[in-house]
Amino acid sequence: MAHARTESRGQEQDASHRPVHAAPDVEHERLDAFVGKWHMEGQQLAGPAGASAPISAMETYEWLPGGQFLIHRFDGHIGNTEAACIEIIGFEPERRCYRAHTFYNNGQVNVWDLEHRDGQWRLLGDWNAGGRSMKVRCTMSFAPDGQTLRGKWEHSSDGSSWETFWDVSARKVTDH
């Protein structure tokens, strides 16, 4: 498979990886697994996020020129309702964690903590659903071939009892 290359501020960039000029470090290299275009499908379970509905979306992850931030776009539907967001993911060395700043098409903004541990990614933060704040976490894991990403989104009112509200799987889209 050939990789497209682009020029950005005079720096050559491989479209599937961090810009060639970026200094590699383990924190940024871990995020490389997300880079690419993904087709997501799954199910929203009835609960605080809404009624039971199928989920279908295209997701893209790409490095912002400079290689310090990963840009994630989600464009799809939950049932018949359009759902979209853009997210900026970076590593905060002083906190030794990743942060994801997410902006949704309904005007909501969230800041999530993102961690990589024991081969899994976990997103954790607070969510406002219907005027009610709750804890939300998403546990994500890649298949060994890196072509499938499974995610389980859960909510909790107390931070200790968790209930699934999204169960999704994304398959990497490859150019043939």
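The values are calculated or read from the model by the stated rules, or taken from the named source; none is laboratory data. Quantities reported herein were computed from a predicted structural model and do not represent experimental measurements. FYI the Cβ positions are ideal-geometry reconstructions off the backbone, even for glycines, and counts take in every protein chain you see.
When the residues of segment 28-37 are narrowed to those that are surrounded by fewer than 16 Cβ atoms within 10 Å (Cβ to Cβ) and of a type in the set (D, E, K, R), which ends up farthest from residue 118 (Cα to Cα)?
First, pick out the residues of segment 28-37 that are surrounded by fewer than 16 Cβ atoms within 10 Å (Cβ to Cβ): 29-30, 33.
Then keep just the ones that are of a type in the set (D, E, K, R); that gives 29-30.
Details: 29: 16, 30: 12 Å.
In this case the residue turns out to be 29.
For segment 128-156, the tally of residues that are out of contact with any Pro (no Cβ under 9 Å at 6 or more places or on another chain), modelled with pLDDT under 95 and not in a strand (DSSP E or B) stands at 1. Counting just the residues of segment 38-96 that are surrounded by fewer than 17 Cβ atoms within 10 Å (Cβ to Cβ) and acidic (Asp, Glu), which one comes out nearest to residue 165 (Cα to Cα)? Only one residue fits best here, namely 41. Within segment 97-127, the residues that satisfy the criterion of being exposed (fewer than 12 other Cβ atoms within 10 Å of the Cβ) and either out of contact with any Lys or Arg (no Cβ under 7 Å at 6 or more places or on another chain) or not in a strand (DSSP E or B) (or both) are 106, 107, 109, 117, 118, 119. Any residue in segment 47-54 that is of a type in the set (S, T, N, Q), assigned to a strand (DSSP E or B) and on the phi < 0 side of the Ramachandran plot? Checking segment 47-54: not a single residue is of a type in the set (S, T, N, Q), assigned to a strand (DSSP E or B) and on the phi < 0 side of the Ramachandran plot.
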